[in-house]
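Down below is the structure, laid out as structure tokens.
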Amino acid sequence: MAVIYATLIIKGVKTYAQVPAKIREQVKQVLIDLDCEHLVTE
């Protein structure tokens, strides 16, 4: 699920703030792994 949210964030469909709190850390790690940490905004 984290990868799906990360993909949606990269495509501009969702923002990091819209990610459910339960998986926010996992999504953050996926974005960091993909060199997209600039998209992690609270």
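The values are calculated or read from the model by the stated rules, or taken from the named source; none is laboratory data. What you are looking at is a predicted structure, and each value in this text was computed from that prediction instead of being measured. In this analysis, Cβ positions are derived from the backbone assuming ideal geometry, glycine residues included, and neighbour counts consider all displayed protein chains. The protein model used for the area step is the full one, side chains on, heavy atoms only, and it has no ligands, DNA or RNA in it. Shrake-Rupley method; radii C 1.70, N 1.55, O 1.52, S 1.80 Å.
General remarks:
- Extreme residue, surrounded by the most Cβ atoms within 10 Å (Cβ to Cβ), among residues of segment 1-11 that are among the aliphatic types (A, V, I, L, M) and not in a loop (DSSP other than H, G, I, E, B): 6
- Residues of segment 31-42 classified as among the hydrophobic types (A, V, I, L, M, F, W, C) and in a helix (DSSP H, G or I), total: 3
- Segment 10-25 residues that are more than 12 Å from residue 41 (Cα to Cα) and free of Cβ contacts under 8 Å to residues at least 60 places away in the same chain, paired with ones that are in a loop (DSSP other than H, G, I, E, B) and of a type outside the set (S, T, N, Q) (beta carbon under 7 Å, 6 or more apart): 10/36; 23/1
- A single member of 14, 28 is in a loop (DSSP other than H, G, I, E, B), in contact with a helix residue (DSSP H, G or I) (Cβ under 8 Å, 6 or more places away or on another chain) and open to solvent by less than 80 Å² (accessible area, probe 1.4 Å), and it is 14.
- Yes/no for residue 41 being open to solvent by less than 70 Å² (accessible area, probe 1.4 Å) and of a type outside the set (Gly, Ala, Ser): no
- Filter pass, residue 22 being in a helix (DSSP H, G or I), open to solvent by 80 Å² or more (accessible area, probe 1.4 Å) and among the basic types (Lys, Arg): yes
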